[in-house]
Amino acid sequence: MDSTHLQIETPPERLRLLLDGRRGETLKLPAAACEALEIAEDPECRPEQLACVISHDPMLAADTLAIANSAAFAQGRTLASLHQAIVRIGIRQCKNLIIASSSAGMMKRLPLEQVWVRDLLLQHSFATASAAGHLNQLLGLRFEGEEFTAGLLHDLGRLIFALVDPKNFEEADLLDFIEPGQLLERERQFFRTDHCHMGAWFAQQQKLPRALVESILLHHNPSAACNHHRLVAITAAADHIANHIQRFNEAVSYEPEGNVAIKVLEKLEGRPFTESFDNVAHEVITKTQADLEMSCRHQCSSEPEYHS
């Protein structure tokens with residue numbers, strides 16, 4: 001049960017009206033994904049029920065089978081059945097997959113005037129998700145996929161700003177990935193809110209899990225009290241790493257002691273691993289860079305990957 005109630009600002013009317021227009025339709029999760037999430041929330045959910053709904057979204061079905069047959073889950077036998085795939089990866093991981101797959105598709109459909117802006121923000125989101133996954137593995141944090149989804153969605157508010165008000169976005173967000181104070185201040189000057197509140201509000205409207213809403217809202221403030229503190233902290237830690245990659249694209253100059261979210265995680269975990277992070281930080285960056293390169297090659301060979 002939630003013990004902390006966080007206040008999420010309602011965006012100014014001007015932004016809400018823009019979201020309610022033609023572009024707002026692009027930003028809705030597919031009906032099949034919403035239905036699948038609702039079914040997956042039921043403790044009595046059966047894999048065959050979920051498989052039936054997922055089968056109505058070809059991209060989501062393909063992603064589910066791809067994950068089930070990936071090295072992380074495969075057991076020497078390739079599956080072609082959605083039912084068997086869901087049994088293999090589990091309902092909880094399937095919920096994370098539904099959100100990640102549908103959100104990625106949603107964001108890639110954004111009809112931005114400047115495609116490079118969208119692609120750069122998507123690259124940053126993927127880098128944060130990838131870094132979160134490697135941190136989880138190398139530090140033994142016991143997340144089960146939700147850290148990747150949170151990383152993927154943490155900057156959703158920036159994409160919304162770029163979509164609905166590209167002119168002000170260009171002035172407010174320099175895309176220099178030097179964060180967070182100056183960026184948030186500039187956003188408030190131009191939009192009367194910031195991307196953390198904008199993204200959290202939209203995620204709440206889409207009825208995404210509370211843990212994801214909090215990670216979007218607080219990824220620049222990991223010390224704030226909330227109900228899903230560990231997820232917020234790993235998202236913030238991964239965002240710090242992704243910012244370094246976006247700015248320098250190398251691991252040598254990264255300074256682990258500057259990642260304050262790691263200290264928050266250490267306190268939450270009740271065990272010392274600041275030294276462990278110092279030892280694995282460069283490995284996390286190197287692996288994340290490799291993931292980015294592989295993702296770029298995949299996109300180049302498969303575009304157009306999503307369709308509106």
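Report Rg(Cα)/(2.2 N^0.38 Å) for the chain, keeping two decimals. Walk me through the numbers on the way to the answer.
On the way: Rg = 18.8 Å, N = 308, 2.2 N^0.38 = 19.4 Å.
Normalised Rg, Cα atoms only: 0.97.
Express the carbon and sulfur contribution to the solvent-accessible surface of the chain as a percent, rounded to the nearest whole number, probe 1.4 angstrom.
Details: 7670 of 14590 Å².
Here carbon and sulfur together make up 53 percent of the probe-accessible area.
Say the dipole of segment 68-178 comes from +1 at the beta carbon of Lys and Arg and -1 at that of Asp and Glu; which of SER70, LEU153, LEU121 then lies farthest toward its positive end?
Of the options given, the answer is SER70.
Just to confirm, what accessible area per residue do you get for the chain at 1.4 Å probe, in whole Å²? If you can, show how the numbers build up before the last one.
Numbers: 14590 Å² over 308 residues.
Normalised by residue count, the accessible surface of the chain is 47 Å².
Determine the relative contact order of segment 179-308: mean sequence separation of Cα pairs under 8 Å and six or more apart, normalised by residue count, in whole percent. Kindly include the intermediate steps, with their values, before the conclusion.
Working: 102 pairs, mean separation 20.8, N = 130.
Relative contact order here is 16 percent.
Note down the nm distance, to one decimal, between modelled labels 7 Å out along Cα→Cβ at LEU17 and at ASN221.
Taking the simple label geometry, LEU17 and ASN221 are separated by 2.9 nm.
Once the Cβ-Cβ distance between MET294 and SER55 is put in as r, and R0 is 22 Å, what FRET efficiency do you end up with, to the nearest 0.05? The partial results should precede the final answer.
Working: r = 28 Å, r/R0 = 1.26.
It comes to 0.20.
So between GLN137 and GLU257, what do we pick up on full extension, going 0.36 nm a residue minus the alpha carbon distance? Mind dumping the intermediate values first?
On the way: separation 120, 0.36 × 120 = 43.20 nm, distance 1.98 nm.
Full extension of this stretch gives 41.2 nm more.
If you take all C-alpha pairs in segment 184-263, what percent of them are over 19 Å apart?
Numbers: 1447 of 3160 pairs.
Percentage above 19 Å: 46.
Could you work out the local net charge near VAL117, counting Lys and Arg as +1, Asp and Glu as -1, over the other residues with Cβ closer than 9 Å to its Cβ?
On the way: positive: ARG118; negative: GLU113, ASP119, GLU170, ASP173.
Computed value for this residue: -3.
Which value, in debye to the nearest 20, describes the size of the charge dipole of segment 1-129 about its Cα centre when Lys and Arg Cβ atoms bear +1, Asp and Glu Cβ atoms bear -1, and nothing else is charged?
I would put it at about 420 debye.
Would you calculate a helix-derived [θ] at 222 nm for the chain, using -39,500 (n - 2.57) for each DSSP H run of n ≥ 4 and dividing by the full residue count, to the nearest 500? Don't skip to the answer; put the middle values down first.
Numbers: 17 runs with 207 residues, N = 308.
Helix contribution divided over all residues of the chain: -21000 deg cm²/dmol.
For the chain, list the DSSP H helices whose alpha carbon atoms reach 20 Å or more along the long axis and whose average Kyte-Doolittle value is -1.0 or above? The partial results should precede the final answer.
Numbers: long enough: 91-108 (25 Å, 0.28); 115-139 (36 Å, 0.51); 229-248 (29 Å, 0.17); 274-302 (41 Å, -0.62).
Qualifying helices: 91-108, 115-139, 229-248, 274-302.
The values are calculated or read from the model by the stated rules, or taken from the named source; none is laboratory data. What you are looking at is a predicted structure, and each value in this text was computed from that prediction instead of being measured. Heads up, the Cβs are rebuilt from the backbone with ideal geometry, glycines too, and the neighbour counts pull from every protein chain shown. Surface areas here come from the heavy atoms of the whole protein model, side chains and all, with no ligands, DNA or RNA. Shrake-Rupley method; radii C 1.70, N 1.55, O 1.52, S 1.80 Å.
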